[in-house]
Amino acid sequence: MKMLAVPATVLALWAASAQAATNDDIAKRLAPVGQVCVQGQECKGMEVAVTAGGGGAKTPDEVIAKHCNACHGTGLLGAPKIGDTAAWKERADHQGGLDGILAKAITGINAMPPKGTCSDCSDDDLKAAIEKMSGLK
């Protein structure tokens with residue numbers, strides 16, 4: 001019986017210390033990760049995050065490389081290929097010119113999603129990319 005008392009005491013002490021560590025860990029995990037900073041109030045230690053990129057005009061090459069080339073580079077799913085002016089002109093004739101193609105690019109057509117997955121592109125960004133890919137003005 002005495003042989004069980006020592007391991008039982010050690011186990012009880014270990015359990016008590018483990019419980020304290022566990023409660024501390026739980027308190028740390030439940031602590032808030034940030035603070036709410038209301039506009040007009042001074043918030044110490046709160047810096048405004050500056051986003052990189054976005055918002056500015058994109059070059060046609062950037063738009064084409066990131067959003068258009070996957071389909072228009074290979075003609076995937078019937079997309080007119082980059083530089084195939086005849087195919088683009090045929091589409092323009094059916095859509096009412098370059099503005100018609102732009103309207104379809106904005107709303108999406110067939111397998112092409114709206115804005116060709118470039119949701120942050122302006123209409124001017126898309127128009128410049130279409131002009132570059134098609135060779136049309």
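Residues in region 98-122 that are part of a helix (DSSP H, G or I), of a type outside the set (A, V, I, L, M, F, W, C) and touching a Lys or Arg at 6+ places or on another chain (Cβ under 9 Å): 5 in all. Anything in region 93-111 that is farther than 17 Å from PRO60 by Cβ and hydrophobic (A, V, I, L, M, F, W, C)? List them, or say none. Across region 93-111, the qualifying residues are ALA103, ILE109, ALA111. Within region 52-81, residues that are closer than 20 Å to SER122 by Cα and of a type in the set (D, E, K, R) sit with their Cβ atoms under 6 Å from residues that are in a helix (DSSP H, G or I) and modelled with pLDDT of 90 or more, at 6+ positions apart or across chains, in these pairs: LYS58/ASP125. Only residues that are closer than 24 Å to SER119 by Cβ and not small (Gly, Ala, Ser): list them for region 82-108, please. Those that are closer than 24 Å to SER119 by Cβ and not small (Gly, Ala, Ser): ILE82, TRP88, ARG91, GLN95, LEU98, ASP99, ILE101, LEU102, LYS104, ILE106, THR107.
The values are calculated or read from the model by the stated rules, or taken from the named source; none is laboratory data. Just so you know, these numbers come straight off a predicted model, no measurement behind them. Don't worry about glycine lacking a Cβ; one is built from the backbone with ideal geometry, like all the others, and counts go over all protein chains shown.
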